[in-house]
Structure formats: structure tokens, C-alpha cells
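Following: one structure in C-alpha cells, then a few remarks.
The values are calculated or read from the model by the stated rules, or taken from the named source; none is laboratory data. No experiment lies behind these values; they were computed from the predicted model shown. As a convention, Cβ positions derive from the backbone with ideal geometry for all residues, glycine included, and neighbour counts pool all protein chains shown. For the accessible areas, the whole protein counts, side chains as well, though only heavy atoms, and no ligand, DNA or RNA atoms are used. Shrake-Rupley method; radii C 1.70, N 1.55, O 1.52, S 1.80 Å.
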Amino acid sequence: MKTHSSGKKCTVAAPSFKLCAVLLISSLFFCSFPLSAQEDAETPPTQTPAVQTEQAGDYMTKKEWRRAWRASWKPEDYLPQAGSWGFTLNANPFLNLAYIFNFDDDYFIGGQAYLQPLLSIAGKYMITDEIGVRVNIGWLYRFRSEGTYSRDDMAYRADRQSIAQVVDRRNFHNAGASFSAAAEYRIGKRRVQGVVGGGLIYAFDYTSLRYSYGNAISSENPSPSFTAFEYEGPAREGFSSTRYLKKFYESPTHYFGLMGFIGVEWFISPWFSLGAEINVAAVYNWSQKLYYEAEGFNDRTKQRETWRKEVAPRSHGFDFGVGNIGANFNLTFYFNRDKK
């Protein structure tokens, strides 16, 4: 309420609450808008800066990153170091190739089967970066079975028109193994290294033939039908229908001596290498007695009998020269390495 100069009192209406609120909000909006616009105009949009990381893979494909990683390796990073150990697979495919398909020694084109099996495995340990030791185990086993038909005597006795047959069989067995322990020395600091060394070797080898027949020898059938696999049977006085049961094609032989080798090894990666070696051995050999086992019908006792006859005594000798040279390829996997 306010008093007029004339002395009269007049009344002024107070602004309403809603009007005051609208005016306050409007003034705040218009006052702040120019400032906000000015700030938006002066401040550029916020951009996340590019962060340079140490991982080259952030900017490369996985394949490109691997290539760059491998390119950073030095030649010595590929080579084995002291404390490394490896597993080796050895293969001798060429010198034994003919011997696999021909069981006759006349077709053996080179190498020695007992000293160089077709496949062998080896363990290796590096004492220093250049000197290592290895143990090699090789094995050799061949089997072949030949069968032929003969008349079934029992069926023929019961029926003269019978065409029944039985099987006679000859089985060929060839077995052997080699064991060697050697030391090696590496030459060179590049990914391709020369390898030389030597050690001890032991091996054995034997070849035998075993026979089986469909018609048995008996008092009822003293002269059975059978296949004569050999040109000459085991003749014995007073016996008929003699035939082999077991025969050694080669006497069991043992070998012991020294072996040397020289080769090259290419490291494709720090964990894998390809290699080739040529080796030569000087060995002493000794053979067991050579014998055969046979059976036949005793014409005096009228019974089937078996016997064993020795055909060669023990023997021994020494092997050295081109006949003992062998070559092999190898794959080696290395472990326990401290490389990149």
C-alpha cells in the first residue's frame, strides 16, 4: 500500500508468483545463450589423439606382424644353445630302396641295412652352443608270406574225385636294430651349419624262413602232398618226405665298432631344422651258428620225427670301407630354448 501526495491512499497490485518465475527463467536463458554459443564457436570439437603403441600388430595384419617379427631375428637366434635338447627323425630312403622290394642281397645297391635302418629316432642335448651329444635308435623288420595250394590228402582218400586243397606257406622274417651314442661339433654362426662327430655303434641282424604245411606227416599218411619251396630238401638217410620247418637265410650277426659322420643342418626356425649326413663305420662282427630244422617220416620206426642240423659254425670278421657308407636325411625339433 502506498500514500498519494493528496493524502489519499492507493493500492498497487503485486506481481503474481507465476509471472516472476517466467521472467526469471527467460532472463537466465537469454543471458547464458550468447556465452554458450561463443564458447562453442571458440572451442573446437574434442578429438581423441592417436596413441602410438609398441605393438606393431595394431597397424598390421597378423601375417604382416609375424613377418616383421621374424625379420627382427638375428642369425644366431636360430641356432641351438647350451641346455637345448632336441628330437630327431632320421630317414635313409635311397640306399635301402632296392632292399625293400628285393630280399636278395644281389639287388642291394649300397649302404648296410644293419647299420643304416630305413628309419631311426634320436635324442640330442647341447652341452655348449657348439658341442652336443646324441643317442640314436634304429630298427628294421620285414615280413613276407608266400602261400601255395596242395591236394587235400584226407579229402582225396575219402573221395577220389575231391578237388579240395590245403595251403602250404613259407614266411620270410628279417629283423635287426642299431644303437649308437655319439658327440657332435657345430661349425659356423649362420642359419646353415656344418656338423661333424663320431661315436660308438652296436647292431644286430638276422633273416630266417619258417614253413607250414596243410597235410601233416603221420603213419596214416607217410608221404603227404606238399610244396617243395626249396630246390633241395633236407635229405637224411632212412627218412622219406623230408621237408624244412625253419631255416636261416642268413646267420644271426652282431656288430660293434666306431662310427663317424659329417653333414649340414639348415635352421628354418629356432625350433625346427632340416639336415643331411654321410657316415662311415668300422665294425667288428661275429655270427652265431647257422642251422635248420626239418621233419620227415622214419621208414624204420614208421613215425614222424623232427631234427635240427647245424650247417655253419660261428664266425667273425671286420667291416670297413665303402660298403659301410650310408646317407640319411633328418628333421630335428628343438625345445627348451631362450629365444625371442
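Test each condition in (1) touching a residue at least 40 places away in the same chain (Cβ under 8 Å); (2) at positive phi for PHE204 and report the one that comes out false.
All conditions pass for PHE204, except number (2).
Enumerate the strands (runs of 3 or more DSSP E) found wholly within region 48-165, keeping only those where 3 or more residues are modelled with pLDDT of 60 or more, surrounded by 14 or more Cβ atoms within 10 Å (Cβ to Cβ) and of a type in the set (Gly, Ala, Ser).
By residue number, 131-151.
In this structure, does ARG186 turn out to be part of a strand (DSSP E or B) and more than 30 Å from TYR284 (Cα to Cα)?
Here the answer is no, as ARG186 does not meet what is asked.
Residues being of a type in the set (A, V, I, L, M) and under 14 Å from ALA183 (Cβ atoms): count how many of those fall in region 253-268.
3
Can you give me the number of residues within region 223-256 that are in a strand (DSSP E or B) and among the acidic types (Asp, Glu)?
Taking region 223-256 and keeping what is in a strand (DSSP E or B), we get 239-256.
If we keep only those that are among the acidic types (Asp, Glu) as well, we get 250.
Going through region 223-256 one residue at a time, the tally reaches 1.
Condition check ((1) over 45 Å from the mean Cα position of the chain (by Cα); (2) farther than 30 Å from LEU331 by Cβ; (3) not charged (D, E, K, R)) across all residues:
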residue	(1), (2), (3)
LYS124	no, no, no
ILE137	no, no, yes
PHE143	no, no, yes
GLU146	no, yes, no
TYR149	no, yes, yes
TYR156	yes, yes, yes
ASP159	yes, yes, no
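Taking region 284-306 on its own, how many of its residues are in a strand (DSSP E or B), open to solvent by less than 70 Å² (accessible area, probe 1.4 Å), farther than 10 Å from SER240 by Cα and not aliphatic (A, V, I, L, M)?
Adding up the residues that qualify gives 6.
Just give me the residues in region 182-213 being open to solvent by less than 20 Å² (accessible area, probe 1.4 Å), polar (S, T, N, Q) and more than 23 Å from the chain's Cα centre (by Cα), in sequence order.
THR207, SER208 - these are the residues of region 182-213 that are open to solvent by less than 20 Å² (accessible area, probe 1.4 Å), polar (S, T, N, Q) and more than 23 Å from the chain's Cα centre (by Cα).
Just name the residue that is nearest to TYR202 (Cα to Cα) out of those in region 265-274 that are surrounded by 19 or more Cβ atoms within 10 Å (Cβ to Cβ) and not aromatic (Phe, Trp, Tyr).
Going through the qualifying residues, I end up with GLU265.
Between a residue in region 209-227 that is closer than 12 Å to ARG304 by Cβ and any residue that is among the acidic types (Asp, Glu) and in a strand (DSSP E or B), which pairs come within a Cβ distance under 8 Å, given they are 6 or more apart or on different chains?
Once the first residue is closer than 12 Å to ARG304 by Cβ and sits in region 209-227, its partners that are among the acidic types (Asp, Glu) and in a strand (DSSP E or B) give TYR213/ASP168; ILE217/GLU295.
Within region 215-226, can one find any residue that is among the aliphatic types (A, V, I, L, M) and either under 30 Å from GLY132 (Cβ atoms) or touching a Cys at 6+ places or on another chain (Cβ under 7 Å) (or both)?
Looking for residues that are among the aliphatic types (A, V, I, L, M) and either under 30 Å from GLY132 (Cβ atoms) or touching a Cys at 6+ places or on another chain (Cβ under 7 Å) (or both), one finds none in region 215-226, hence no.
Kindly list the number of the only condition in (1) open to solvent by less than 20 Å² (accessible area, probe 1.4 Å); (2) modelled with pLDDT under 90; (3) under 27 Å from THR128 (Cβ atoms) that fails for GLY326.
(3)
From the list ILE217, ILE278, exactly one residue is more than 30 Å from GLU76 (Cα to Cα) and either more than 42 Å from the chain's Cα centre (by Cα) or open to solvent by 70 Å² or more (accessible area, probe 1.4 Å) (or both). Which is it?
After ruling out the rest, the residue left standing is ILE217.
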